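Scroll down for the structure; my scribbles are underneath it.
The values are calculated or read from the model by the stated rules, or taken from the named source; none is laboratory data. For clarity, every value in this text was computed on a predicted model and none was experimentally measured. Note that we place each Cβ from the backbone using ideal geometry, even for glycine, and neighbour counts take in every protein chain shown. Keep in mind that these areas ignore ligands, DNA and RNA; they rest on the heavy atoms of the full protein, side chains included. Shrake-Rupley method; radii C 1.70, N 1.55, O 1.52, S 1.80 Å.
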Amino acid sequence: MYLKSLEISGFKSFAKKATLNFTSPISSIVGPNGSGKSNVAEAFRFVLGEQSIKSMRGKRGEDLIFNGGGDGARVNRAGVKVIFDNSKRMLNVDFDEVAIERVVHRDNSNEYFINGSPVRLRDIVELLAHAHIGASGHHIISQGEADRILNANIRERREMIEDALGLKIYQYKKAESQRKLEKTEENMKSVESLRREIAPHLKFLKKQVEKVEKVQQLREELRNLYKEYFKREETYLKDERKKIDNEKDPLVKELAQLDIEIAEARNILENSKNRDSKSDELINLEGSLYKIRIEKDSVMREVGKIEGEISSGNRTISKEKEKQARDEFKTIYLKDVEEIVNRVSLIDSLDEIRQILSRFISSHKNKEDSALIAEIEKEISELKNKKKDFENNLIRITDEEKARTLEYNELRQKIEREKDSNRDAEKNVFRIIARQNEVRGVLNGARTREEKLMFEEEAHKREMQEAYAIVGREALDNKDLILSDEPRPLQYDRLKNIEKIKVRIEDSGAGNSFDILKEYKEVEERDIFLAKEIQDLEVSKVNLNNMISDLDARIDIEFKEGILKINAQFQQYFSLMFGGGNAGLNVIREKKRLKKSDTDLSAVLADNVENIIENEGEEGIEINVSLPRKKVKGLMMLSGGERALTSIALLFAISQVNPQPFIILDETDAALDEANSRKYGDMIANLSQYSQLILITHNRETMSRAGVLYGVTMGGDGASKLLSIQFEEAVQVAK
Ligand code: ATP
């Protein structure tokens, strides 16, 4: 037994909380008309998720809430809780007991709970579907609904049977798959249209990318050419620079030296202008020498004259001395004679006079006549003094002459020398100028080449900048490049080639390659993504189609198998009820156009299949019955009681083939007479082996089969009351 209890509070006529415990395979609910028994069946529908208020005899959610009555005050919420024993895991949750609860408020809002936790309606529907309990209520047969299956058309019947067979879950899955399939097809269409949308752009980008790739190839070629070109050019420029510098440097130095030399030579020449002043000096010196010499001559002559005079004086002295050497020629001064005479006059003795005279004579005898000589000697001495003066003068003059002569000679020599150096300087100036011209000529050659080199260096720099701009810094990265020598013109050819490639790159018209490649990559990735998406969608489409056909096949098989099983049970219950006869279900295909009215399909189908225009339609179920001992066939021919029995037989057959955990039958037995009620009671007893039964009934026979009986009464407050009762009470209550 799976159904444990039902709690009703505020639902319809159940103002206060009422609890029904289903401790027996068969429970009966009995009570007078209008006491609220059917409300219990509806409480089941409600808690299991029924969304049709109409099927619970209301218009709005509010109609389900106890609305007061008599002296009973209305309430604001209706709540129903059903508790299942889940120890066998009938429901797919890991609890031994599962309480499902639904509450509706006056604002029409609903709340759902599983074991007290708020959940969505969907959670409840899914949980119950798994246990073959559904809101569709095939296990809840409301009052007067027993022959609903007989009245339904073939398609509705099929649905009912599918539902009862537990195929709804497959139908649900199939519908879900079909929805998914539709969605998938929609997605495919939109993805395909997206792909179609980007296709022209992708094509355009691809062409651009091809161009870009071509340009990239050209760039690569250019980069390699540049590498070699720059390496060679750098080497060439460096060598040339070195060569020119080596050539220029000594020339520049020589020119500087020549400048010094020429300045010197010019200086010498400049200095030769002073020569005239030196000549004047020389002439002056000559003049003073001349004067000195004249003076010297005159002094010498004076000296000569004096010497002559001196020698003549000396000769005179000599002559005098010779004369005096002879006595007769002795000169006696008068004064000396007068002095002697004076001295002799005064003397008395002759002797003395003689003596005096003799002494006189002897003194004069040996005496030289010195006066003249002295005079001459005095003259000579004076001459000598004079000569001495002249001689001193001569010495001075001679010294001066000597000095002047030396000076003169030096000056002369200097002048001579200067003349020589001027000549040399002049020669030098010519030589230097000639050399300068020569050196300048060579240097100019070197400078011309240097200018050309500078031009080449500039061009090289520009080329490097351009290379950097076109192919990036890699073009300049040539450090590791090793090259063998080659003739220079090959480098010019290389440059020509470079220029050609540059023009080709420029003419290619490829835009910003980075952006194009990026965009192409993005669009391509998107296209690949979309293609993959289409592929995936195709796969899921195939999968869904497979799943649908699998489900179809499964439904078909299980349905047909189910029909066979139902037919066996139907036949059994039917013959039990009617004491024979035949009953069975037939799977038929509905004909689309009908000759007769197509509103009452079941009647038409049951009546005369031949009257239908052949046209394939939906598959459905027809019910064939033939009562024992009666010629007439078909549902239309049955009496009310027969109809009720047939429906019950079919319902029980269906229920038994795929037993539901519980079945609620609301006065299904109302139309049965006593004999049939017993048969009905037997069937119930049989059925309760497969499903728990809750029977709302007035039927004594039915009540007698129940293990648990509940009586429902309604008091003055308009609210239903529930009480557990015994069979005898039940019979009373039912009355
Ligand atoms: P019968 O034996 O005639 O089939 P029953 O016992 O099945 O009767 P129900 O149909 O379950 O009776 O109950 C109907 C009663 O419930 C009516 O009296 C009706 O007024 C009452 N009822 C229905 N909805 C509400 C509501 N929202 N508030 C109060 N009473 C309600």
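Some points to look at:
- Matching strands (runs of 3 or more DSSP E) fully within segment 1-104 where at least 1 residues are farther than 24 Å from MET703 by Cβ: 3-9, 77-85
- Residue tally, condition of a type outside the set (Lys, Arg) and open to solvent by 30 Å² or more (accessible area, probe 1.4 Å), over segment 643-662: 3
- Only listed residue being more than 59 Å from the chain's Cα centre (by Cα) and open to solvent by 40 Å² or more (accessible area, probe 1.4 Å), chosen from GLN257, GLN217, GLN178: GLN257
- Close pairs (6 angstrom Cβ cut-off, 6 or more residues apart or separate chains): touching a residue at least 40 places away in the same chain (Cβ under 8 Å) in segment 72-88, of a type in the set (Lys, Arg) and surrounded by fewer than 20 Cβ atoms within 10 Å (Cβ to Cβ) anywhere: ASN76/ARG106; ILE83/LYS4; ASP85/LYS4
- Considering LEU285, LEU251, the condition of being over 30 Å from ARG404 (Cα atoms), touching a residue at least 40 places away in the same chain (Cβ under 8 Å) and surrounded by 15 or more Cβ atoms within 10 Å (Cβ to Cβ) is satisfied by LEU251 alone.
- Segment 107-148, subset assigned to a helix (DSSP H, G or I) and either basic (Lys, Arg) or free of Cβ contacts under 8 Å to residues at least 24 places away in the same chain (or both), residue nearest to GLN171 (Cα to Cα): GLU126
- Filtering segment 463-489 to residues that are of a type in the set (A, V, I, L, M, F, W, C) and surrounded by 10 or more Cβ atoms within 10 Å (Cβ to Cβ) leaves MET464, ALA467, ILE470, VAL471, ALA475, LEU476, LEU481, LEU483.
- Pairs with Cβ under 7 Å, 6+ apart, first in segment 20-42 and among the charged types (D, E, K, R), second near the ligand (Cβ under 6 Å from one of its atoms) and open to solvent by 20 Å² or more (accessible area, probe 1.4 Å): GLU42/LYS12
- Residue pairs whose Cβ atoms lie under 6 Å apart, separated by 6 or more positions or on different chains, with the first residue in segment 291-308 and at pLDDT below 90 and the second open to solvent by less than 80 Å² (accessible area, probe 1.4 Å) and of a type in the set (S, T, N, Q), are VAL299/ASN393.
- Residue match in segment 660-670 (condition: modelled with pLDDT of 60 or more, of a type in the set (S, T, N, Q), within 16 Å of the ligand (Cβ to nearest atom) and over 60 Å from the mean Cα position of the chain (by Cα)): yes
- Check on LYS4, away from the ligand (no atom under 13 Å from the Cβ), open to solvent by 10 Å² or more (accessible area, probe 1.4 Å) and of a type in the set (Lys, Arg): yes
- Some residue of segment 688-702 being more than 16 Å from the ligand (Cβ to nearest atom), free of Cβ contacts under 8 Å to residues at least 24 places away in the same chain and open to solvent by 30 Å² or more (accessible area, probe 1.4 Å): no
- Total residues in segment 389-444 satisfying the condition of being within 60 Å of the chain's Cα centre (by Cα) and surrounded by 14 or more Cβ atoms within 10 Å (Cβ to Cβ): the figure is 1.
- Members of segment 77-97 found to be buried (at least 17 other Cβ atoms within 10 Å of the Cβ) and either at positive phi or within 56 Å of the chain's Cα centre (by Cα) (or both), listed by number: LEU91
- Some residue of segment 79-91 being touching an Asp or Glu at 6+ places or on another chain (Cβ under 8 Å), within 12 Å of the ligand (Cβ to nearest atom), over 24 Å from TYR690 (Cα atoms) and not aromatic (Phe, Trp, Tyr): no
Table: residues versus (1) open to solvent by 90 Å² or more (accessible area, probe 1.4 Å); (2) among the acidic types (Asp, Glu); (3) touching a residue at least 12 places away in the same chain (Cβ under 8 Å); (4) under 30 Å from GLU234 (Cβ atoms).
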site: ASP493; (1), (2), (3), (4): no, yes, no, yes
site: VAL503; (1), (2), (3), (4): no, no, no, yes
site: GLU519; (1), (2), (3), (4): no, yes, yes, no
site: SER549; (1), (2), (3), (4): no, no, no, no
site: ALA553; (1), (2), (3), (4): no, no, no, no
site: ILE557; (1), (2), (3), (4): yes, no, no, no
site: LYS560; (1), (2), (3), (4): no, no, yes, no
